[in-house]
Each structure stands twice: as C-alpha cells, then as structure tokens.
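Structure, as structure tokens:
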Amino acid sequence: MTSLIDVIFLLLLFFMLSSTFTRFADLPFLAATGGAEVADGPPPVFLRVLPDRVMLNLTEVALADLPGALAAVEGGLVLVASAEGVTAQRLVDVLAAGQGVAGLRLRLISG
C-alpha cells in the first residue's frame, strides 16, 4: 500500500511539473451594463452569431470576411449577441476574428 501511494505521489508531481499554467490568448471585450449610457456619435453595429452563419446588421457575412466588414464599422462599437445553440468555440472564433481590427470595441449582450 505504501509503494502505491509513492507511485501516485510521483505521478502527481510529474504531471504538475510538466503542465503549463499560462494563458494562450485573451479576447478583449466589454460586458454589457444595464445603465443608461448615452453616447454621441454613430449608432452601434449588431453582430448576431448563429450556429451556421454570422449576421452583421441583418447582412450575412462569412467568417473569413468578418475582419474586413468590422474594419468598416463607423464608431467602433459592435454589440455581439449569440443565438441559442451556438457553441462556445463558435463564439470564440467570431471574437477572435474581430480581435485584429484596430479601434474596435466588442460588447457582449444576451440575445
């Protein structure tokens, strides 16, 4: 029994030392607030993430073309809403596509 505990301890120590605890990527976005913030300027753009497609202001956009479409957003505020059935990976893919656009502010809303 003692040797089994030693083996388990050594395996635990091995896996703890061989794993990494770094963040691979961060996705900057703003959480939606319930306040009545009034912003001067252009209205925000709505990005709806569906399980099979992405809609930008009621226009279907391919995921590969999304960074170019988001770069043309005036004001830079994009409200992102995900539909029912959208996986977390799909939402991360869409947010990662918008990550490289300069001056873009993504705000997640419940949708």
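The values are calculated or read from the model by the stated rules, or taken from the named source; none is laboratory data. In this text, all values refer to a predicted model and were calculated from it rather than measured experimentally. Here Cβ is always computed from backbone atoms with ideal geometry, including for glycine, and neighbour counts include all displayed protein chains.
Just checking, does the stretch 13-22 include any residue being modelled with pLDDT under 85 and not polar (S, T, N, Q)? Scanning the stretch 13-22 turns up at least one residue that is modelled with pLDDT under 85 and not polar (S, T, N, Q). If you check V86, V78, V94 for being in a loop (DSSP other than H, G, I, E, B), among the hydrophobic types (A, V, I, L, M, F, W, C), modelled with pLDDT of 85 or more and surrounded by 10 or more Cβ atoms within 10 Å (Cβ to Cβ), only one passes: V86.
Checked against the criteria, R53 counts as of a type in the set (K, R) and modelled with pLDDT of 85 or more.
All of D26, D65, D40 fail the test of being at pLDDT 80 or above and either in a loop (DSSP other than H, G, I, E, B) or charged (D, E, K, R) (or both), apart from D65. Here S110 clears all of (1) within 19 Å of P51 (Cα to Cα); (2) among the polar types (S, T, N, Q); (3) within 13 Å of the chain's Cα centre (by Cα) except the condition numbered (3).
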